[in-house]
Amino acid sequence: NPSFETYSGVIGDGALDTFDGWAASGFGSTPQQAIPSDNALGTSTPNIAALKMPASRGKMEAIVDTGHDLNGQVLTLSYYAKALSGSCNGEVNLGFTATCTNPADCSPANASKFYGSTWNRYSQTFIMPQAAYTSSKVTPQFFANSSCDTAIDNVQLENGSTASEWKDYGAANTVFLNATRTSCEATDVGCDSWTTVQGTAAPIPAIATAVD
């Protein structure tokens, strides 16, 4: 859910919204919210919602399983952000979910980014510890500013030291079932709907597993 399009609640009503794949903590009496997104940068797909983090000590994070050992790998986290009231700094990090030989290796300092009043893209590169980190999982983390409301949208995590063009991973990757591949799992990106062979009917939510 990198663009925060999947959430429970009512967009723009100022009340608590929960986002699929993301965990919130520390927001207190003014919770995280889904707000209408006016971010037209870097996306050709409908971008309806963005994440609002009210001024607080709150944090939003998501566990990402890359599917391979991250020992010594270079990862770049990129995203769009802006301040909703004036300008202020926001902080990001890439938490490590494994126990490292040297605990300090698993606790990199937060990276501070300056947010203005318009959408901009930000990126931060992280290097996984050598010979100390053998997990395939990492945790992108976004920290709210204690005195300024901020908005986050279109998060992307990728190998390498450079942020490539934003892509909606879930929309860009589709699993096609055919004579060779007859099933997929819910964890496979794109394995969540059937589309018509002919015509323009809307996709039908369904997953065909080997049991089916």
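The values are calculated or read from the model by the stated rules, or taken from the named source; none is laboratory data. For clarity, every value in this text was computed on a predicted model and none was experimentally measured. Heads up, the Cβs are rebuilt from the backbone with ideal geometry, glycines too, and the neighbour counts pull from every protein chain shown. Ligands, DNA and RNA are excluded from the accessible area calculation, which covers all protein heavy atoms including side chains. Shrake-Rupley method; radii C 1.70, N 1.55, O 1.52, S 1.80 Å.
Observations on the structure shown:
- Taking first residues from region 135-161 that are on the phi > 0 side of the Ramachandran plot and partners that are open to solvent by less than 10 Å² (accessible area, probe 1.4 Å) and of a type outside the set (Ser, Thr, Tyr), the Cβ contacts under 7 Å between residues at least 6 apart in sequence or on separate chains come to Asn154/Asn39.
- Unique residue being assigned to a loop (DSSP other than H, G, I, E, B), over 28 Å from Ser135 (Cα atoms) and not β-branched (Val, Ile, Thr) when the list is Gly14, Gly21: Gly14
- Hey, Asn89 open to solvent by 10 Å² or more (accessible area, probe 1.4 Å), at pLDDT below 95, of a type outside the set (D, E, K, R) and closer than 18 Å to Phe114 by Cα or not: yes
- Residue check: Ser29 meets all listed conditions (1) free of Cβ contacts under 8 Å to residues at least 60 places away in the same chain; (2) crowded, with 17+ Cβ neighbours inside 10 Å but one, namely (2).
- Of the residues Leu70, Leu16, the single one that is farther than 23 Å from Thr118 by Cα, open to solvent by less than 50 Å² (accessible area, probe 1.4 Å), of a type outside the set (D, E, K, R) and in contact (Cβ under 8 Å) with a residue 12 or more places away in the chain is Leu70.
- Elements of type strands (runs of 3 or more DSSP E) contained in region 92-152, each with 1 or more residues being at pLDDT 85 or above and of a type in the set (Val, Ile, Thr): 120-127, 137-143
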